Amino acid sequence: MDKHRVVGSVGAIQLRSRQNLSMQKTLGVALASILFATSVIATSASAQPRDRALFERQDRVIWNYCRNNWDDDCRDWDHNRHHWDESRYQRWYRDHHRHRGFNPEDAAAALFGFAASMMGSALTSGATNSHVAACQRRFRSYNPSSDTYLGYDGMRHYCRL
């Protein structure tokens, strides 16, 4: 009799462990489903702008740009504009509006380049004038704008004096 009781209790333990395993699988599937649904809802909510007026203003800015400049971003916006979130718009705006407005770095670079070219032209103007004068003395067919002369072979050659 004790033998049947032991076998019966082993069967009950096995039944309970199957029930626990089944319950764990069910809870795992339910938890995975909840996490998936939450991520889908969060993604779709973040893809839509929070404010309709903001979306319309951004839409107008992109449309004004894309009327004249049809590039890959404009095609993407044309097909997927309702999926553009705030970060996508900000990335587009940053990439497409760098050239607008005053940029102190660009102004400094332009000023430095202008000053360097003026100094370089002042230093080489004497050498250039003497070069042109020497080539004009040596070759009657010398052309100062191209720095070439007409050779005996009928071809134009650079003056290397």
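Here are the numbers for the structure shown:
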item: Length released on extending from ARG52 to HIS82, taking residue separation times 0.36 nm less the Cα-Cα span; result: 9.7 nm
item: Extension gain from ARG75 to ARG60, taking 0.36 nm per residue of separation minus the Cα-Cα distance; result: 3.9 nm
item: Sites SER141 and LEU111 - FRET efficiency at Förster radius 41 Å, r taken between beta-carbons, to 0.05; result: 0.50
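Values in this text are rule-based calculations from the coordinates and carry no lab data. What you see is a predicted model, and the numbers here were worked out from it, not measured in a lab. Glycine also receives a Cβ, built like all others from the backbone with ideal geometry; neighbour counts cover every protein chain displayed.
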